[in-house]
1. Are there any pairs with C-beta distances below 8 angstrom linking a residue in the stretch 18-32 that is closer than 15 Å to Lys59 by Cα and at pLDDT 80 or above to a residue that is among the small types (Gly, Ala, Ser) and assigned to a helix (DSSP H, G or I), with the two at least 6 apart or on different chains, and if so which?
2. Just one of (1) at pLDDT 85 or above; (2) loosely packed, with under 10 Cβ neighbours inside 10 Å; (3) at negative phi trips up Ile39, so point out which.
3. Collect the residues in the stretch 42-69 that are modelled with pLDDT under 85, of a type in the set (Lys, Arg) and either in a loop (DSSP other than H, G, I, E, B) or in contact with a helix residue (DSSP H, G or I) (Cβ under 8 Å, 6 or more places away or on another chain) (or both), keeping them in residue-number order.
4. Restricting to the stretch 7-28, give me the number of residues that are part of a helix (DSSP H, G or I), touching a helix residue (DSSP H, G or I) at 6+ places or on another chain (Cβ under 6 Å) and not β-branched (Val, Ile, Thr).
Amino acid sequence: MESAKTICAQKGILFKSKIVFGSPIIEIDEMIKKGFDIIVIGSRGQSGLKEIFLGSVAKAIVHKSKIPVLVIK
């Protein structure tokens, strides 16, 4: 994450990261309320056939979020 933070700083992009424990859906939803512009989330799709293309956490965030979500596969 430090290299990503450095690259962003060089390009004038404010980069914030945070490690939290608990339900990822609840934690991300709480972070959204603090004024972020976009959510970037990875998709693993390992929780069953119906989530094979989009992980269950990413899917929940895409449907719940009121700000743009970029899903990385």
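1. These pairs meet every condition: Ile25/Ala60.
2. Ile39 satisfies all of (1) at pLDDT 85 or above; (2) loosely packed, with under 10 Cβ neighbours inside 10 Å; (3) at negative phi except (2).
3. Arg44
4. Summing the residues that are part of a helix (DSSP H, G or I), touching a helix residue (DSSP H, G or I) at 6+ places or on another chain (Cβ under 6 Å) and not β-branched (Val, Ile, Thr) in the stretch 7-28 gives 1.
The values are calculated or read from the model by the stated rules, or taken from the named source; none is laboratory data. All values reported here derive from a predicted model rather than from experimental measurement. Methodologically, a virtual Cβ is constructed for each residue, glycine included, from the backbone with ideal geometry; neighbour enumeration extends over all protein chains shown.
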